[in-house]
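In what follows, a structure is listed as structure tokens, so that the remarks can point back to it.
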Amino acid sequence: MYIKEGDKIELRIALNKTKHKAFHLDLTCLYEDEHLALIHKPAGVLTSGNSFKTIANALPNTIKTSAEADAILPQPAHRLDFATTGLLAIGKTRSALHKLNQAFEQQRVKKVYYAICIGNLPS
């Protein structure tokens with residue numbers, strides 16, 4: 001079989017999951033499809049940054065890589081503070097991550113925080 005005018009050639013290269021050393025952390029995935037995932041971030045772990053022990057480094061062990069053409073290694077679309085626990089949006093494709101980032105930048109995502117206090121606080 002030969003290539004002829006008008007033929008489309010598509011090359012798909014598998015992402016190398018071993019490129020970065022993965023951090024093993026038992027994360028709970030609440031939703032996942034080919035474009036994004038929602039995970040529960042536990043308190044006491046950085047979302048991302050210069051540390052090895054981050055959610056970003058734990059994602060390859062928890063989230064399946066997308067089969068879409070613009071697939072990327074799963075990445076957090078926003079951050080939650082070290083001491084904060086809650087829902088974290090993860091982009092699995094370039095386009096989904098871009099749209100998630102835009103939604104946070106344009107404040108189309110509503111964040112609600114709850115604090116637990118022990119003892120009496122002065123008014």
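Structure above, values below:
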read-out: Evaluation of Leu36 against (1) more than 28 Å from Ile116 (Cα to Cα); (2) of a type in the set (A, V, I, L, M, F, W, C); (3) open to solvent by less than 20 Å² (accessible area, probe 1.4 Å) (one fails), failing number; value: (3)
read-out: Counted residues, segment 1-30 - those being touching a strand residue (DSSP E or B) at 6+ places or on another chain (Cβ under 7 Å) and either of a type in the set (S, T, N, Q) or modelled with pLDDT of 85 or more (or both); value: 4
read-out: Cross-chain or 6+ apart pairs with Cβ under 6 Å, segment 41-53 first and assigned to a loop (DSSP other than H, G, I, E, B), then of a type in the set (D, E, K, R); value: Thr47/Arg79
read-out: Enumeration of residues in segment 55-84 that are surrounded by fewer than 19 Cβ atoms within 10 Å (Cβ to Cβ) and either part of a loop (DSSP other than H, G, I, E, B) or in contact (Cβ under 8 Å) with a residue 60 or more places away in the chain (or both); value: Lys64, Thr65, Ala67, Glu68, Ala69, Asp70, His78, Arg79, Asp81, Phe82, Ala83, Thr84
read-out: Some residue of segment 92-105 being open to solvent by 80 Å² or more (accessible area, probe 1.4 Å) and assigned to a strand (DSSP E or B); value: no
read-out: Qualifying position, being of a type in the set (D, E, K, R) and within 15 Å of Ala37 (Cβ to Cβ), among Lys92, Lys110; value: Lys92
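The values are calculated or read from the model by the stated rules, or taken from the named source; none is laboratory data. Every value quoted in this text rests on a predicted model; they were computed, and no experiment measured them. Note that each Cβ is placed from the backbone with ideal geometry, even for glycine, and that neighbours are counted across all protein chains shown. The accessibility values were calculated without ligands, DNA or RNA, using every heavy atom of the protein model including side chains. Shrake-Rupley method; radii C 1.70, N 1.55, O 1.52, S 1.80 Å.
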